[in-house]
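Reviewing the structure listed below.
The values are calculated or read from the model by the stated rules, or taken from the named source; none is laboratory data. Computed from a predicted model, the values in this text were never measured in an experiment. Cβ atoms come from the backbone with ideal geometry, glycine included; neighbour counts cover every protein chain shown.
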Amino acid sequence: MGLVMNAQLRQHLLALQGTTRTAPGIENGFGVLPAVLPLGIAAIDTMLGGGLMRGALHEIAAPAEAHSAAATGFALGIAASWPGLSQPSTSCLLTLPEVVDARHKVYARAGWRPDPGAGHDGRRIVWIAEEMARAESGAPHGAGLDAFGLAPERLLTVTVSHRRDLLWGMEEALRCRAVNVVIGEMRPGKIDEIAVRRLSLAAGEGGALALLLRAAPAADSSTAATRWIVGTASSVIAHGPGAPRIAAHLVRNRRGPTGSWILEWSDSDERFVLATHAQPVAAPAFDRPHRQVA
Amino acid sequence: MLSLWLRRLSTDRIVRSRDSFPSPRAAGRGEERAPLVVTGKRGNVEVLTAVDEAASRLGLSPGLTLAQARAMHPGIDAVAEDIEADTALLESIADWCLRYTPLVACDAPDGLLLDISGCSHLYGGERALVADLNGRLEHAGFAYSFAIAGTIGAAWAAAHYGKPGGHACGEERTLLAPLPLSALRIPPVTAASLARVGLKRIGDVLDLPRAPLTARFGSDVLRQLDRALGHEHEPLTPRLPVAPYVAEQRFAEPIAREDDILMVARRLARRLQLALERRGVGARRIELTLFRTDGMVRRIAAGTSRPLRDPDDIRGLFVERLAALADAFDPGFGFDMARLSVIVAEPCPPQQIGIGGGEDETELCRLIDRLSARLGARRVQRLTAQDSHIPEAAEAALPAQAVNGDAGWTAFRRYREETALSPRPLRLLTRPEPIEAVAEVPDGPPLRFRWRRALHEVVAAEGPERIEGAWWSEHGGPARDYFRVEDKSGLRFWLFRAGLYRDLVPGDPAPAWFLHGTFA
């Protein structure tokens, strides 16, 4: 009852402020969020139609099990780019996320780092992993996560022993309004098609981002909005390993063409940027309108 | 205080396990069966530890050696003792007795003590309670005797030595007087030495001067006597912690369906809610106890991450617990009683429903509770920074229900800024894995190494970062030199050499290399 009233009240206040719903958007209880999560890399964002679609499932696979750290890094990079202003103030509830985003950037440029532990609108990440996947590739290391711009106190790690528990847990987490990003990590193997569809639906309901982290690329059909294969790439070496580089291949995109990029982790921006001096691995195949859609 | 003595627990257990339909008639059929004795090794001799009704009629008694017993009656059926099974049976009976009172203590090896004060009226008085107990135990096929008295000592004495079914509250003196002194639970040696001077019954010592008695036989006798008479308090140690808040319900017809059980859980939670609200507390650990008609007791516990009293939330926890149990949750012929107890309660300040804010926290707690209830609290974790410089000890994943606040990460960030901590891997292996490495001696990084059967050529390395072992501890391990390396294909690893060449004693093997983590 209280929730319904709150939602109505928010709508009312939004109307009073003269703001309108940006279409298409997702109502998550704190106003309308844009439907996409920009990665901040123009080349990729244009292909994705603005960014990764929120409220959808995305698959990130490592080309081989040894590369799982790179795939993890990419997934966490995406998770960390979720706009979360941690200053608890009533205004941030009611301002449009674009404004929030802009303010966030201003804060970041000024070198001020919001305390991620405080506030109520911070990023919440649930990372559910199969027991064997965790044993094989290692457990998340808080100190390393923190360097990736992802506050470890925001992370909830869940270990499951069966794949059905993994899917159940992901679905539960996606339906929780307090969770922004749900990462599901699984060992190579088949995954139930219906369960994947359920995940997509659950993500659509809550507007959260569902990332399925796979240890090997899979050929099975799925309802994922995008599919990535992410492996490591050699860094620029000068007195030791340089900034981490990953090779990200977008192999399936529901909303546009596919492509491949080499990305480099930028410590100052705390996000991935397009590697400088690096040509795209292959020219992006632009969409041909006359192409038959299967 | 009710003392229950199952005088043939071991033999009853064996008969029950052999006989798929234990019934009151089983005792009557005893003649057809060979007399049953239970044997165990005492010292080097096989002796009888328990005998059944038929065997005791033949004159066999515990303490007799098996050889003698066999010589007297070759036809006896001897079974080896199984103390663990006896204890388990006694504990399950104790659980079953929870239907009468929450204060049940095991009186090993074959008795139970029930504090029924204040509980008997629920059954319509002590006599009705006793009748209920009588009926159920008889039906289950146990030989038993019990007594009710004001003190533990008196009840015990009456159950073991008095006339069965005795009921004496406030008349402990007259009850105890005719009973033998060993009914006071004193060591047999003391009882024997008292008997030598002609003191055989409790009545004999009741009015004796206390000082000489203590001087000669020790303080045990009088302490036990005082306890039995109620002059001194004797504490009862319940087998299970007593819940501060309890609600229970009995059913005329047993219930078995999951939906019904959940509905009952919700109804009981609603009843508890009032009590919890009045005290301003919420539940952190809740237990649903279900009493099956055949005497099995099933306890289902669920923890919460914040003080909880909303009936729907509590029901939600048990939905997950029941789903997790799946087939292991066997309702059999149904449950005839359910009890919801709050085992741990914590203050729960009243909260205002906000326009945002608090709801999110609540939602998250609800998610954590649901996941923990289904998967187990140890599988739903949060990372906490620990006070250690050794990488695997520097952080710990603790149950999310037990962690709140920033979990030490603010302090960690300050530490990282101050010490300019070198990069840490994104994923840390649960334990460092040994690798075969070719490295420059003494302090160089590895040139190539083999991990999980794959060969990696190192093209770049950074290090070493020396991390001392816990030198103050015997098991601290050697100092480690960590390197961040990148191989030909771009994979980045965190390797270390355990031990320094500097400290090497001639004749020892060279320090080993390990792989500890992977970078993005």
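Numbers at a glance
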| quantity | calculated |
| --- | --- |
| Complete set of residues in the range B:324-334 that are outside any loop (DSSP other than H, G, I, E, B) and farther than 18 Å from B:ILE314 by Cβ | B:ALA326, B:ASP327, B:ALA328 |
| Selection count, the range B:429-486, where residues are aliphatic (A, V, I, L, M), within 12 Å of chain A (Cβ to nearest Cβ) and more than 23 Å from A:GLU136 (Cα to Cα) | 3 |
| Subset of the range B:396-412 [surrounded by fewer than 17 Cβ atoms within 10 Å (Cβ to Cβ) and either more than 10 Å from chain A (Cβ to nearest Cβ) or under 23 Å from B:ASP310 (Cβ atoms) (or both)] | B:LEU398, B:ALA402, B:ASN404, B:ALA411 |
| Of the criteria (1) over 27 Å from A:VAL160 (Cα atoms); (2) assigned to a helix (DSSP H, G or I), which one B:GLN401 fails | (1) |
| Test for B:ARG239: is it in contact with a helix residue (DSSP H, G or I) (Cβ under 8 Å, 6 or more places away or on another chain) and assigned to a helix (DSSP H, G or I) | no |
| Residues being of a type in the set (Val, Ile, Thr) and surrounded by fewer than 19 Cβ atoms within 10 Å (Cβ to Cβ) - total across the range B:259-304 | 1 |
| Options A:PRO217, A:PRO188: the member that is over 20 Å from the mean Cα position of the chain (by Cα) and either buried (at least 19 other Cβ atoms within 10 Å of the Cβ) or in contact (Cβ under 8 Å) with a residue 60 or more places away in the chain (or both) | A:PRO188 |
| Residue within the range B:271-288 that is modelled with pLDDT under 90 and on the phi > 0 side of the Ramachandran plot present | yes |
| Members of the range B:374-383 found to be in contact with a strand residue (DSSP E or B) (Cβ under 7 Å, 6 or more places away or on another chain), basic (Lys, Arg) and in a helix (DSSP H, G or I), listed by number | B:ARG378, B:ARG379 |
| Residue satisfying all of: in the range A:3-59; at pLDDT 65 or above and in a strand (DSSP E or B); surrounded by the most Cβ atoms within 10 Å (Cβ to Cβ) among these | A:LEU57 |
| Test: residue in the range B:336-357 that is within 8 Å of chain A (Cβ to nearest Cβ) and under 18 Å from A:VAL126 (Cβ atoms) | no |
| Verdict on B:LEU364 being under 23 Å from A:THR159 (Cα atoms), in contact with a helix residue (DSSP H, G or I) (Cβ under 7 Å, 6 or more places away or on another chain) and not hydroxyl-bearing (Ser, Thr, Tyr) | no |
| Hits in the range B:114-158 - residues which are modelled with pLDDT under 85, outside any helix (DSSP H, G or I) and among the polar types (S, T, N, Q) | B:SER117 |
| In the range A:202-229, the residues that are closer than 18 Å to B:LEU367 by Cβ and of a type in the set (A, V, I, L, M, F, W, C) | A:ALA202, A:ALA203, A:ALA208, A:LEU209, A:ALA210, A:LEU211 |
| Enumeration of residues in the range A:224-267 that are more than 10 Å from chain B (Cβ to nearest Cβ), outside any strand (DSSP E or B) and surrounded by 15 or more Cβ atoms within 10 Å (Cβ to Cβ) | A:ALA224, A:ALA225, A:GLY256, A:THR258 |
| Flag if B:LEU371 is modelled with pLDDT of 90 or more, in a helix (DSSP H, G or I) and either in contact with a helix residue (DSSP H, G or I) (Cβ under 9 Å, 6 or more places away or on another chain) or under 22 Å from A:THR159 (Cα atoms) (or both) | yes |
| Cross-chain or 6+ apart pairs with Cβ under 6 Å, the range A:57-82 first and facing chain B (nearest Cβ under 9 Å) and farther than 17 Å from A:ILE191 by Cβ, then among the small types (Gly, Ala, Ser) and surrounded by fewer than 24 Cβ atoms within 10 Å (Cβ to Cβ) | A:HIS67/A:GLY231; A:ALA70/A:GLY231 |
| Complete set of residues in the range B:198-219 that are within 17 Å of B:SER182 (Cβ to Cβ) and of a type in the set (Gly, Ala, Ser) | B:GLY198, B:GLY203, B:GLY218 |
| Of all residues in the range B:369-395 being within 29 Å of A:ARG175 (Cβ to Cβ) and more than 7 Å from chain A (Cβ to nearest Cβ), the one that is surrounded by the fewest Cβ atoms within 10 Å (Cβ to Cβ) | B:ARG378 |
| Filter result for the condition that a residue is more than 47 Å from the chain's Cα centre (by Cα) and small (Gly, Ala, Ser), over B:ALA479, B:ALA510 | B:ALA510 |
| Exclusive hit being in contact with a Pro (Cβ under 8 Å, 6 or more places away or on another chain), polar (S, T, N, Q) and without any contact (Cβ under 8 Å) to a residue 40 or more places away in the chain, set B:SER182, B:SER145 | B:SER182 |
| Enumeration of residues in the range B:425-442 that are part of a loop (DSSP other than H, G, I, E, B) and over 26 Å from A:ALA147 (Cβ atoms) | B:GLU440, B:VAL441, B:PRO442 |
| Residue satisfying all of: in the range A:139-152; surrounded by fewer than 23 Cβ atoms within 10 Å (Cβ to Cβ) and of a type outside the set (A, V, I, L, M); farthest from the other protein chains (Cβ to nearest Cβ) among these | A:GLY149 |
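Let's see how each residue does on (1) in a strand (DSSP E or B); (2) within 25 Å of B:PRO349 (Cα to Cα); (3) touching a residue at least 40 places away in the same chain (Cβ under 8 Å); (4) assigned by TED's automatic domain parsing to the domain that holds B:ALA324:
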{"position": "B:ARG266", "(1), (2), (3), (4)": "no, yes, yes, yes"}
{"position": "B:ALA269", "(1), (2), (3), (4)": "no, yes, yes, yes"}
{"position": "B:THR289", "(1), (2), (3), (4)": "yes, no, yes, yes"}
{"position": "B:ARG298", "(1), (2), (3), (4)": "yes, no, no, yes"}
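For (1) over 18 Å from A:ALA129 (Cα atoms); (2) out of contact with any Gly (no Cβ under 9 Å at 6 or more places or on another chain); (3) not acidic (Asp, Glu), each residue gets a yes or a no:
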{"site": "A:GLU205", "(1), (2), (3)": "yes, no, no"}
{"site": "A:LEU212", "(1), (2), (3)": "no, no, yes"}
{"site": "A:THR232", "(1), (2), (3)": "yes, no, yes"}
{"site": "A:LEU263", "(1), (2), (3)": "yes, no, yes"}
